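Any read-out appearing in this document is the output of simple, stated calculations on the displayed coordinates, not a laboratory observation. From a predicted model like this one, the values you see are computed outputs, not experimental measurements. When we count neighbours, we look across all protein chains shown, and the Cβ atoms used for this are built from the backbone with ideal geometry, even at glycine.
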Amino acid sequence: MITHILFIVIALTSFSFLGIAFSKIFRIAKMLKKPYSLSNVGQRLKVFFSVAILQKKIMRLPILGFMHSLVFWGFLMITFGSLEMLIDGFAGFPFNANASDDRILSFLGPVYTFIIAGGDISAAIILLAVLVFLFRRLFMNIKRFTGQEMRHKDHKDANIALLFILFLMISLLGMNAGYVAFAEKTNTVAQGAYPISQMFASLLSGMSEHSIHLFEISNWWAHIILIFLFANYLPKSKHFHVFMSLPNVYLSRTEPLTKMNNLESVKAEVELMMNPDAPEPEFDENAEPERFGMKDVTDGTWKNYVDSLTCTQCGRCTSVCPANLTGKKLSPRKVVLDYRRRMEEITQPLLKEGKSYDDGKSLLGDYTTPEELWACTTCNACAQECPVNIDQPSMILDLRRFIFMEESAAPSLLNSMSTNIENNGAPWQYPAADRFNWAKDLKSAESEEIKVPLMSNLAAENKTPEYLFWVGSASSYDDRAKKITQSFVKILDHAKVDFAVLGAEESDSGEVAKRTGNEFLFQMQAAQNIEIMNAYGIKKIVTCDPHEFNTLKNEYPDLGGQYQVIHHTELIAQLTSQGKLKTQSKKFAGKRITFHDPCYLGRGNGVYDAPRKAIENTGGIFTETAKNKSKSLCCGAGGGQLFKEAEPGNQEVYELRTEGLLETKPEIIAAACPLCTLMLTDGLKMKEKEKEVKVLDIAELTAQNLDL
Ligand code: SF4
Ligand code: SF4
């Protein structure tokens, strides 16, 4: 009776502490902004099943991933047994001499037997896995576990959590062994099956009935108390992901990784500027004016907060970050941990004084510095690798937005870039009238002049072409990139595709402005372009630039620009399969070709096969580089890096990427993005390989293969 009451008191105390910890989290989360709609339940469940249940992302590191997955699946099985222990405890079974060996859920029959046997096997697997993890942490120098953000107490915390799990498994196996041995001793039937503990039970057979029972009940108590202690330790520990990872994956963004949200607050202002007759948005005079971007954690969304609580500190994100790999200060893990640590610092005062609490400190500056933020290429390699679907780039972008729009403190070259877009509709100081100059003197294979059709001319004839070829700023003005544009137009002309361009009516898409934090300029550019494209009744767009492709496809729709957007590699693949690009020269036959997957095409939008098919069609010998497809390493141009000085580090990102591609000993590095082409060409120059190796876009490869 006393032990039964003791159990109830301990259990209720433990639940109360846990309840207090969770209620604090809910109260803080309620103060924060909503991130996005959670309505797409079907898609969320799909992501949940593949990432959380099947552990798809953690398996990207196969051996270690499999071990982690075994631990996760094992925990699911064991949780069933733990729940039963709790129910048994409240029912008083373990403390009642007559009923101490009853198991309340055993009426489930074979299902019960299966789960209990699974739990028993899992306990042994987890025990071994934890020993391996502890060994790795204590005796091996794993780079992923180190970094500026990893404090001594984080390592200690990780080890404490692993020790908790270790003793949980030992006590579970001990309890099971005692239970089986007791059943054998008393000639009763043990409920469930215990394939592992059965083996240890024989070690207890020499003990008296009473001693075996004592052994079993001691392990029962040890196990249940460890569960209570562990559960209450978790909210303060990096292992909080034990609770948080499943909900976090369910709540994660289901959109393409490279799609960045359009700020609603900016939307209303831009709408008003574009259309002065639009109704004025309603402002609450008593409400604090909303900041653009994030200065402190309280400007974030509840998803930023939940992300920060879920981070396992595994470092997978940082280990693939091109900025971090080249010695820059940025570590995506640090960005997430900074958020958590800053929130921990102000949780109590926030709960007491509300969101207006101000201690004179902030996430930006006191925790995460501008230097870290400006190193990001927005490649999304971090988000791709994160096993619990944390969205680090959105956090980085929101911090950049504050620097750009509220503090006007962006690097000066990015300010110039923005001014150029405002004045000329291009990130450089080129006149808008020169945007169409690339189309001059363009000749077909038969040396006939190619007249690039203009949308305005077709509209005057009441015609709408099938495709708008969106050229983009880099491909309109940069001499190297213009060659890609010209090659693609030759292909379109050769395959008789019904297309037109906007010419000087096209303005910068605003993509780079958005990624550097100037959301206002992005939305202004988008509104202007959408107005023109909608006026021409455009339905389909093709573009050679993955950055433009991503923005037009994913970010324009929310602003009223709904188009079917494809990348030029996809159209080339379609035209090839339709037999419209048949002629093949022997130009590339036998040449060693490798391919660099652009982040915004592959990882961002899942286009992997089309460029590979085009390479296959050349008859060249294709060799994949080690970091390919969704594991591709960024070329270093994205996120505004092309327009600014690199942050201090020990290497340029494009140099590192070029080194990786050169490992395949290529004669040609194929690319599918004008920015990648520029960066990799520079990389080859840096490596003094520009004479032996060429960088060619898929459009150039295809056009040359067709002798165009
Ligand atoms: S988006 Fe790319 S560069 Fe930015 S933090 Fe993530 S991995 Fe690093
Ligand atoms: S953000 Fe994700 S990948 Fe990075 S350390 Fe945390 S859990 Fe690991």
Return, for the Cα atoms of the range 592-705, the radius of gyration and Dmax in Å, separated by a comma.
13.2, 42
Phi-derived 3J(HN,Hα) across the range 499-508 with the Karplus relation (6.51, -1.76, 1.60, θ = phi - 60°), rounded Hz, x for Gly and Pro, is 9, 7, 10, 7, x, 5, 7, 6, 10, 3
Per-residue HN-Hα couplings for the range 182-189, Karplus 6.51 cos²θ - 1.76 cosθ + 1.60 at θ = phi - 60°, whole Hz, x for Gly and Pro?
5, 4, 5, 5, 9, 6, 10, 9
Shape verdict for the range 460-517, please, from the Cα gyration tensor: rounded (a/c under 1.5), prolate (a/b greater than b/c) or oblate.
oblate
What distance in nm separates the simple spin-label points at MET207 and SER456, each placed 7 Å from Cα in the Cβ direction?
9.1 nm
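Beyond a 31 Å Cα-Cα separation, which of these cross-linked pairs lie in this structure: LYS57/LYS540; LYS613/LYS691; LYS259/LYS691? Walk me through the numbers on the way to the answer.
Working: LYS57/LYS540 34 Å; LYS613/LYS691 26 Å; LYS259/LYS691 37 Å.
Cα-Cα > 31 Å for LYS57/LYS540; LYS259/LYS691; rest within.
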Compute the convex hull volume of the Cα atoms of the range 416-569, divide it by the residue count, and report the result per residue in Å³ as a whole number.
107 Å³
If a cysteine in the chain has no other Cys Cβ under 4.7 Å from its own Cβ, put it on the list, ordered by number.
CYS311, CYS314, CYS321, CYS376, CYS386, CYS544
Amide H of CYS386: which non-local residues (sequence gap of 5 or more, or other chain) have their own amide H closer than 5 Å, using H built in the peptide plane?
none
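To the nearest 20 Debye, how big is the dipole of the range 592-705 about its Cα centre, given +1 on the beta carbon of each Lys and Arg and -1 on that of each Asp and Glu?
Details: 15 positive and 17 negative charges, 53 e Å.
Computed charge dipole of the range 592-705: roughly 260 debye.
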Starting from the Cα gyration tensor of the range 342-393, take the square roots of the eigenvalues, sort them a ≥ b ≥ c, and report rounded, prolate or oblate (rounded when a/c is under 1.5, otherwise prolate if a/b is larger than b/c, else oblate).
oblate
Which one, PRO557, ALA526, ALA589, projects farthest toward the positive side of the charge dipole computed for the range 517-600 from Cβ point charges (K/R +1, D/E -1)?
ALA589
For the pairs LYS24/LYS303; LYS451/LYS587; LYS236/LYS334; LYS334/LYS644; LYS34/LYS328; LYS514/LYS644, note any where the Cα-Cα span goes beyond 20 Å.
LYS451/LYS587; LYS334/LYS644; LYS34/LYS328
In degrees from 0 to 90, rounded to the nearest 10, what is the angle of the helix 241-251 Cα long axis to the longest principal axis of the chain?
40 degrees
The alpha-carbon pair-distance distribution computed for the range 299-390, with 5 angstrom bins and whole-percent values, is 2, 14, 22, 23, 19, 9, 7, 3, 0
Compute the signed sum of charges (Lys and Arg +1, Asp and Glu -1) over the other residues within less than 15 Å, Cβ to Cβ, of PRO611.
-4
Name the shape class, rounded, prolate or oblate, that the alpha-carbon gyration tensor gives for the range 1-123, where a ≥ b ≥ c are the square roots of its eigenvalues, rounded holds for a/c under 1.5, and otherwise prolate holds if a/b is larger than b/c and oblate otherwise.
oblate
Using amide H atoms built 1.01 Å from N in the peptide plane, name the residues 5+ places from ILE621, or on other chains, whose amide H lies under 5 Å from its own.
GLY590, LYS591, ARG592, ILE593
Determine, for MET244, MET274, MET417, the number of other Cβ atoms within 10 Å of each Cβ, and report the residues in order from fewest to most.
MET274, MET244, MET417
Using 7 Å Cα-to-Cβ label points, what is the ARG480/ARG136 separation (nm, one decimal)?
3.9 nm
Please order CYS321, CYS314 by the number of other Cβ within 10 Å, starting at the fewest.
CYS314, CYS321
Once the in-chain neighbours fewer than 8 apart are removed, the aspartates and glutamates whose Cα is under 20 Å from LYS665 read ASP597, GLU616, GLU624, GLU655, ASP682, GLU688, GLU690, GLU692, ASP697
For the range 565-572, what does the Karplus curve 6.51 cos²θ - 1.76 cosθ + 1.60, with θ = phi - 60°, yield as ³J(HN,Hα) per residue in whole Hz, taken in order and with x for Gly and Pro?
10, 10, 8, 4, 5, 6, 5, 4
Which residue, GLY425, ALA439, TRP374, has the largest displacement toward the positive end of the dipole of the range 367-494 when charges sit on each Cβ (Lys, Arg +1; Asp, Glu -1)?
ALA439
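Share of Cα-Cα pairs in the range 213-355 beyond 20 Å, in percent?
Values: 6818 of 10153 pairs.
Percent of Cα pairs beyond 20 Å in the range 213-355: 67.
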Positive dipole terminus of the chain, leading residue within ALA513, CYS634, MET77 (C-beta point charges)
MET77
From the Cα centre of the range 175-201 to that of the range 11-74, the distance in Å is 34 Å
Determine, for ASP277, ASP609, the number of other Cβ atoms within 10 Å of each Cβ, and report the residues in order from fewest to most.
ASP277, ASP609
Distant-in-sequence amide H partners of LEU454 (H built 1.01 Å from N, under 5 Å)
VAL501
About its Cα centre, the chain carries a charge dipole, from +1 on Lys and Arg Cβ atoms and -1 on Asp and Glu Cβ atoms, whose size in debye to the nearest 20 is 2140 debye
The chain: D in µm²/s via Stokes-Einstein (Kirkwood Rh, Cα pairs, 4 °C, 1.567 mPa s)?
45 µm²/s
Under a crude label model (7 Å from the Cα following the beta-carbon direction), how far is HIS152 from VAL111 in nanometres?
5.1 nm
LYS463: which aspartates and glutamates have alpha carbons under 16 Å from its alpha carbon, excluding same-chain residues fewer than 8 sequence positions away?
ASP498
Hey, if you drop one equal point scatterer on each alpha-carbon of the range 69-169 and run the Debye formula without solvent, what base-10 log of I(q)/I(0) do you get at q = 0.13 Å⁻¹?
-0.61
In degrees rounded to 10, the 0-90 angle between helix 653-662 Cα long axis and the longest Cα principal axis of the chain is 90 degrees
If the cut-off is a Cα-Cα distance under 15 Å, which aspartates and glutamates reach LYS46, setting aside same-chain residues fewer than 8 apart in sequence?
GLU255
Taking the Cα centre of the range 416-569 as origin and charging only Cβ (+1 Lys, Arg; -1 Asp, Glu), how large is the dipole, in debye to the nearest 20?
280 debye
